[in-house]
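*Asks:* If you scroll down you'll find the structure; I have some questions about it.
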Amino acid sequence: MAKYKERCFSFEFFPPKSEEGNKKLRDVRSQLATLNPHFCSVTYGASGSTREHTKGVVKEIHESGIAAAPHLSFGADSEEKIAEILNDYKDIGITRLVALRGDVPSGMGGVKLVYANELVEFIRAKTGDHFEIYVAAYPEIHPQATNYDTDIHYLKAKFDAGANSAITQYFYNIDAYFYFIEQCDKIGISAPIYPGIMPIINFNNLIRFSDNCGAEIPRWIRQRIEGYEDDNNSIQQFGIEIVSKMCEKLLANGIPGLHFYTMNQAHAIKAIWDNLGLKQ
Ligand code: FAD
């Protein structure tokens, strides 16, 4: 099933809000840089100040010699502002972007979000083929989608607008991913769709986040972890074991690569990487 000659491995970070967080992130980045990722992406908050943090981290990654891929969404910004951001990234030599609709941030009710396919169209209109564009995909379907078919129809719209590949929301159900790929194939999506891999680091946060974002934590995983109560060490070990097994199965079945949600921590990612015997 070796459909892809070279697999692509990437890491995602979020921009810290404090200098202390930045220091910690630099340390995490330098540990993960030894794994030679194809690129590192940096998430994009919805409000002005957090957006500037993204640019700062992107610049640091780029200057360290690793390809950086900023995430981008319109949020409440004007076309002029987004065009300016695109030009800034182009000027410093960024060639990859993750284009998203984003969500309405708390305290910013009334903002009309711009769908990701429209952002992709905008990026192509303003910057031609300069950027390699990644978009989001949801094997367990986006929580606001009308239904399964419409959601993959809109994923196709993102590719039709000029996206090159997609990164999925995290999942712990491999069948959901492979079924999704089959359905995408049926409607003519042949671009790479990279599984997004979430290590299990902080279980309570993961549960809270999963309820809102279109990812399900299977009952057997919840039960196992709840049984560990406050034993964080056992939770982390179990998380590393099951996520490694899941990645192993994915890699054995012809996927284009893996995108790791690092949560700005290196330990679990390095352990999973070692378990998979991936090259450095
Ligand atoms: P879209 O593709 O625009 O889809 C949003 C919803 O609208 C879906 O239900 C879809 O079915 C529907 N839809 C899509 N297009 C249309 C259309 N043209 N007309 C009508 N309906 C439509 N969030 C952040 O805030 N910052 C980040 O950095 C960030 N990074 C992410 C990275 C990845 C890999 C993933 C998977 C998600 C990320 N998110 C991020 C979360 C994301 O912003 C949310 O899931 C958001 O709700 C949807 O964004 P999208 O780009 O998938 O939206």
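*Asks:* Just checking, how many residues over segment 192-209 are touching a residue at least 24 places away in the same chain (Cβ under 8 Å), within 17 Å of the chain's Cα centre (by Cα) and surrounded by fewer than 19 Cβ atoms within 10 Å (Cβ to Cβ)?
*Replies:* Step one: filter segment 192-209 for residues touching a residue at least 24 places away in the same chain (Cβ under 8 Å), giving 192-203.
Keeping just the survivors that are within 17 Å of the chain's Cα centre (by Cα) gives 192-201.
Remaining after also requiring surrounded by fewer than 19 Cβ atoms within 10 Å (Cβ to Cβ): 192.
So the count comes out to 1.
*Asks:* Exposed (fewer than 13 other Cβ atoms within 10 Å of the Cβ), under 25 Å from Leu119 (Cα atoms) and touching a residue at least 24 places away in the same chain (Cβ under 8 Å): does that describe Asn164? I'd like the intermediate steps shown before the answer.
*Replies:* Numbers: exposed (fewer than 13 other Cβ atoms within 10 Å of the Cβ): no; under 25 Å from Leu119 (Cα atoms): yes; touching a residue at least 24 places away in the same chain (Cβ under 8 Å): yes.
No; evaluated as a whole, the condition is false for this residue.
Okay, residues lined up against (1) of a type in the set (A, V, I, L, M); (2) within 25 Å of Ala266 (Cα to Cα); (3) assigned to a loop (DSSP other than H, G, I, E, B):
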position	(1), (2), (3)
Gly162	no, no, yes
Asp185	no, no, no
Leu206	yes, yes, no
Ser234	no, yes, no
Glu241	no, yes, no
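*Asks:* Arg124: touching a residue at least 24 places away in the same chain (Cβ under 8 Å), within 9 Å of the ligand (Cβ to nearest atom) and either assigned to a loop (DSSP other than H, G, I, E, B) or over 18 Å from Phe39 (Cα atoms) (or both), yes or no? I'd like the intermediate steps shown before the answer.
*Replies:* On the way: touching a residue at least 24 places away in the same chain (Cβ under 8 Å): yes; within 9 Å of the ligand (Cβ to nearest atom): no; either assigned to a loop (DSSP other than H, G, I, E, B) or over 18 Å from Phe39 (Cα atoms) (or both): yes.
Taking the combined requirement at face value, the residue does not satisfy it.
*Asks:* Follow-up question, since we're still on this one. Against the condition in contact with a Lys or Arg (Cβ under 9 Å, 6 or more places away or on another chain) and farther than 20 Å from Asp77 by Cα, how does Ala137 come out, does it pass? It would help to see each step written out before you state the result.
*Replies:* Details: in contact with a Lys or Arg (Cβ under 9 Å, 6 or more places away or on another chain): yes; farther than 20 Å from Asp77 by Cα: yes.
Against the criterion (in contact with a Lys or Arg (Cβ under 9 Å, 6 or more places away or on another chain) and farther than 20 Å from Asp77 by Cα), Ala137 qualifies.
*Asks:* Any chance segment 211-232 includes a residue that's more than 16 Å from the ligand (Cβ to nearest atom), closer than 27 Å to Ala69 by Cα, open to solvent by 90 Å² or more (accessible area, probe 1.4 Å) and not polar (S, T, N, Q)?
*Replies:* No.
*Asks:* Considering only residues that are on the phi < 0 side of the Ramachandran plot, touching a Pro at 6+ places or on another chain (Cβ under 6 Å) and not aromatic (Phe, Trp, Tyr), which ones fall in segment 174-230?
*Replies:* Ala176, Pro192
*Asks:* Which condition number in (1) open to solvent by less than 60 Å² (accessible area, probe 1.4 Å); (2) near the ligand (Cβ under 9 Å from one of its atoms) is the one that Ile94 fails?
*Replies:* Tallying (1) open to solvent by less than 60 Å² (accessible area, probe 1.4 Å); (2) near the ligand (Cβ under 9 Å from one of its atoms), Ile94 fails exactly one: (2).
*Asks:* Which ones in segment 141-154 are open to solvent by 50 Å² or more (accessible area, probe 1.4 Å) and part of a loop (DSSP other than H, G, I, E, B)? Lay out the reasoning, then the answer.
*Replies:* Within segment 141-154, the subset open to solvent by 50 Å² or more (accessible area, probe 1.4 Å) is 143-144, 146-149, 153-154.
Within segment 141-154, Pro143, Gln144, Thr146, Asn147 qualify.
*Asks:* Here is a list of conditions, (1) closer than 30 Å to Lys90 by Cβ; (2) within 13 Å of the ligand (Cβ to nearest atom), and Tyr148 meets all of them except one; can you say which number that is?
*Replies:* Condition not satisfied by Tyr148: (1).
*Asks:* What's the total number of residues in segment 265-279 that are touching a residue at least 40 places away in the same chain (Cβ under 8 Å) and in a loop (DSSP other than H, G, I, E, B)? Please lay out each step first, then the result.
*Replies:* Of all residues in segment 265-279, those touching a residue at least 40 places away in the same chain (Cβ under 8 Å) come to 265-266, 268-270, 272-273, 278-279.
The next check asks that each one be in a loop (DSSP other than H, G, I, E, B); those that pass are 265-266, 278-279.
So the count comes out to 4.
*Asks:* For segment 5-30, which positions are open to solvent by 30 Å² or more (accessible area, probe 1.4 Å), in contact with a helix residue (DSSP H, G or I) (Cβ under 9 Å, 6 or more places away or on another chain) and more than 11 Å from Asn264 (Cα to Cα)?
*Replies:* Arg7, Lys17
The values are calculated or read from the model by the stated rules, or taken from the named source; none is laboratory data. Just so we're clear, the structure is a prediction, and the values are computed from it rather than from any experiment. All Cβ positions, glycine included, derive from the backbone under ideal geometry; neighbour counts span all protein chains shown. Please note that ligands, DNA and RNA were not included when accessible areas were found on the heavy atoms of the full protein model with its side chains. Shrake-Rupley method; radii C 1.70, N 1.55, O 1.52, S 1.80 Å.
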